[in-house]
1. For residue 228, work out the one condition from (1) more than 18 Å from residue 359 (Cα to Cα); (2) part of a helix (DSSP H, G or I); (3) within 16 Å of the ligand (Cβ to nearest atom) it doesn't fulfil.
2. If the requirement is being within 25 Å of residue 267 (Cβ to Cβ) and either within 16 Å of the ligand (Cβ to nearest atom) or surrounded by fewer than 24 Cβ atoms within 10 Å (Cβ to Cβ) (or both), which of these qualifies: 192, 200?
3. So for the stretch 275-283 (the condition being surrounded by 19 or more Cβ atoms within 10 Å (Cβ to Cβ) and away from the ligand (no atom under 16 Å from the Cβ)), does at least one residue qualify?
4. Give me the residue from the stretch 389-403 that is within 14 Å of the ligand (Cβ to nearest atom) and touching a helix residue (DSSP H, G or I) at 6+ places or on another chain (Cβ under 8 Å) and, out of that set, farthest from residue 292 (Cα to Cα).
5. Anything in the stretch 333-344 that is in contact with a helix residue (DSSP H, G or I) (Cβ under 7 Å, 6 or more places away or on another chain) and either more than 17 Å from residue 208 (Cβ to Cβ) or within 11 Å of the ligand (Cβ to nearest atom) (or both)? List them, or say none.
6. Within the stretch 371-387, how many residues turn out to be exposed (fewer than 15 other Cβ atoms within 10 Å of the Cβ) and either within 13 Å of the ligand (Cβ to nearest atom) or outside any helix (DSSP H, G or I) (or both)?
7. Restricting to the stretch 394-438, what's the tally of residues that are surrounded by fewer than 14 Cβ atoms within 10 Å (Cβ to Cβ), at pLDDT 95 or above and not in a helix (DSSP H, G or I)?
8. Looking for whichever is touching a strand residue (DSSP E or B) at 6+ places or on another chain (Cβ under 9 Å) and within 11 Å of the ligand (Cβ to nearest atom) here; the options are 288, 318. Which one fits?
Ligand SMILES: O=C(O)[C@H]1O[C@H](OP(=O)(O)OP(=O)(O)OC[C@H]2O[C@@H](n3ccc(=O)[nH]c3=O)[C@H](O)[C@@H]2O)[C@H](O)[C@@H](O)[C@H]1O
């Protein structure tokens, strides 16, 4: 600012004049500061706008395709190259049984294993997953990479997105849907009840709405849960036993799913098979499950809480190895009959089934820990505590004779063998130290 130079050539001011000159300088200074401020504000807004436009162009990488839908939650789908990928992934090998399967929850634990098993034998498989952050999404991304290598495209999207589901059915006439997308976990339901309603009820209904209205309707196999047996005390659990006493909201939403399945079968002729999984474990498993975080915490030397019942009674689970579950899922798809409706109208009675898929051999949680200690060669820091009132039940035990009869289901992996395979995978997967088990 040249205020000084403006004053330099003037004769020395009288006191009064000096006063006048001082206020003049002050006014001049204020005006100049205001001008500066306005200029900087305009420049800052312009800069922010430029950065925003640049980031948008990066996100869409290339010119916007009018057929592509960009959603507020960050998913992008649609457009000709996307449709090409969808079609190619869902195309069965000519020598196969010609199933085209939409697998929801494909980047999940069971979803990944089932998708790759189907693809391996030649079925057309398209995955769908919302990659939510219920547990470490980088594990889901690693599973996705595995599937990509096997030729399975996993579309990023939510089962509540009806427009996306309709688009998928418009591009591919799926013969089957393997519906595994769900909010899992018994205890987390007390923290985030809404997520269970969103995925297990609202999402399931959205999927069924789309399935009932397309032509041809697909056959649907979906994941229910052993938790529907709730407070049932009759063991082993068989499909005819009571399932009207759920002990958690998770169980209640799975039970609701079974009733919803009945309705869509009854009204629209959809062929529906529910599979009650019993505590599934194995490589690529879920970090929120006990066997997984026990392994992580034993290795870290961290205390692990082992639940026991009020009276000191045993808490046990019918732990079921993933490969046995996959066989059950594939057999359920293979034996599922066609849906009988078309375009939202029922044309005759359709198949409706529910099966237990368990191991038929419950193991106490304390034994699970002992096996892990042996495999990891590390002593666990055990903290025995009473089973909290958070939805856990004391005991599960599957009777699988119905699945045996109808699906040829025969579990063959005991907990020791299955955990050995899990631990081998775990140590390799997290070995580099780059990945963290949470
Ligand atoms: O069959 C199912 O339908 C469900 O199986 C699974 O639930 P669960 O059988 O409860 O498995 P999981 O949490 O691994 O606890 C295993 C054991 O460890 C005990 N447990 C657990 C936590 C702990 O801190 N301490 C402990 O002793 C606990 O008391 C239990 O006895 C799926 O998560 C669920 O999504 C659903 O699919």
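The values are calculated or read from the model by the stated rules, or taken from the named source; none is laboratory data. Quick caveat, the model's predicted, so the values are computed rather than measured. Note: ideal-geometry Cβ built from the backbone for every residue, glycine included; neighbour counts use all protein chains shown.
1. For residue 228, the failing item is (1).
2. Answer to the check: 200.
3. no
4. Across the stretch 389-403, the extreme among qualifying residues is 398.
5. 335, the sole residue that qualifies.
6. Selection size over the stretch 371-387: 8.
7. 3
8. Exactly one residue qualifies, and that residue is 318.
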